[in-house]
Amino acid sequence: MRRSPYSPGANLNPVEDFRKMRRIIAEDPDWSLNIVPCLSKLCLQSIERNFEGKPIFEELTPIQKDFVQENLSTSLPLHVTANLISDGVYWKRCCEQRWDLCDVSHYGHSWKRMFFERHMETIIELFIPEVTETKTVLVMVPLCRNYVKRLDISQLLPPIKEPQNEEEEEFGLELASDNEYDRPSLDHFDFNILLDKLTKLEELHLVYRVKQCGMNFEWKMFEMTTRDCESLAKALKSCKTLKLLKLHQSHIEDEKCRLLVKDLLDHPSLRELDFSHNLIGDKGARAIGKLLNRSKLEILNLCDNEIRGLGAKAIAHALSKNSTLLSLNLRLNRLRDDGGQAIGKALLNNNTLLHLHLGGNELTGPTAVTLSKVLVQSNTLKSINLSCNNLCVDGGRALEEAMSHNTSVTECDIRLTEVDKQSVSFINQVVWANQSLEQKRHAQESKTK
């Protein structure tokens, strides 16, 4: 009689036939009691699958929320997830899937803030006037306004230029004047539709340019128009939470500067203004001088413009009455001694400025003599940069004498100024001594706290 392979006396080999060791024989050979998921996990998986139609998140425990964030699809519509999914793993996954470089430290260590700021920046940078619908931007406002604190716009696209026929090319000037009303309503993105709605926006960085334009290059792609300027000025006025405005490399000249400043007067929260690398001259500088006395600016950067003596005198006049400005950067302008001496005399009546940069302004000895008086009198100025000027030996000796009485300046840059090496050495020694005093002072203050 043949012995059954499943009789108690059979020679069992689990490696040859794992079924012989099982208590339950199922149709699925991979089935096992050990891999049956618990009911709570099945419920969470069901929530994930049906999240778009029936989102459930707030009712979950913290551990369950973490599980959902780790497994939820990153392709879900933003109107479902934006105001429901809290900052965490889900938004980290969304960021890392979309962008190669994701440094969350630049966004207050908030992945959700990173996602919505960069998402809004992309929408604005790809916006084409008269082509892209405004609702593309407006539909995002309710979803992102609680998370966007900074916008860094690296390009703004102009309207699409329609090709001209032979007749238009031949009589282009006449047709342009006759059809002025046919121009697009805007030259670039209209910030009026957006800034007043972003109730937590604190920083705005703008550059009017087109990246990777290739053979389609035109100078007009790299400047803001008058209509752009008027529109932006109104938008800035409406954004009451804005603390920092950086508008650089956009060919801003005097008239546009005055238009912008007009609507920034008495702004309740603006603390830092950066108009560097533009074309601002004396008239624009006079407008900025007026802004200094009708704002709470702490940092002003006018580096690489076309400000000369008259403009510097206007800024100096405002500086002599100002009590909020901490940093002034006038590097790479054309102040010369008229402007440099005016700034120096103004500082004799100013007790708040900490940092001054006058590098590359064609300054000579007379300006160095005036600033040496400031160094003797001032106890607040921490850093001064006079590099790339022609101060000569006499100017260097005046600064050397002044620094021998100074205990507050911890940075003094006089490179490429034709100053005698002995004067440079002495000034550096005084600066190092002041730095040591500053460190000791901070150490004592930290102990008392």
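Derivation of every value follows stated rules applied to the coordinates shown; laboratory data play no part. Computed from a prediction, not measured in an experiment: that's the story for all the values here. Quick reminder, even Gly has a Cβ in these numbers, built from the backbone with ideal geometry, and neighbours come from all protein chains shown.
Overview of values
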read-out: Listed candidates (1) 61, 35, 20; (2) 56, 33, 26; (3) 50, 32, 20 - label of the one calculated as semi-axes √(5λ) of the Cα gyration tensor in Å; value: (1)
read-out: Total charge dipole magnitude, the stretch 369-449, about the Cα centre, Cβ charges on Lys, Arg, Asp, Glu only, Debye to nearest 20; value: 420 debye
read-out: Taking the chain and dividing mean pair separation by its residue count, relative contact order in percent (alpha carbons under 8 Å, at least six apart); value: 7 percent
read-out: Shape call, the stretch 234-357: gyration tensor on alpha carbons, a/c limit 1.5; value: oblate
read-out: Summed residue charge, Cβ within 13 Å of Ser110's Cβ, Lys/Arg positive, Asp/Glu negative; value: +4
read-out: Simple Cβ-charge dipole of the chain, Lys/Arg +1 and Asp/Glu -1, about Cα centre, in debye nearest 20; value: 2680 debye
read-out: Peptide ranges 317-323, 390-396 listed from the most packed, as the mean C-beta count within 10 angstrom indicates; value: 390-396, 317-323
read-out: Per-peptide average of other Cβ atoms within 10 Å, ordering 54-63, 265-274 highest first; value: 265-274, 54-63
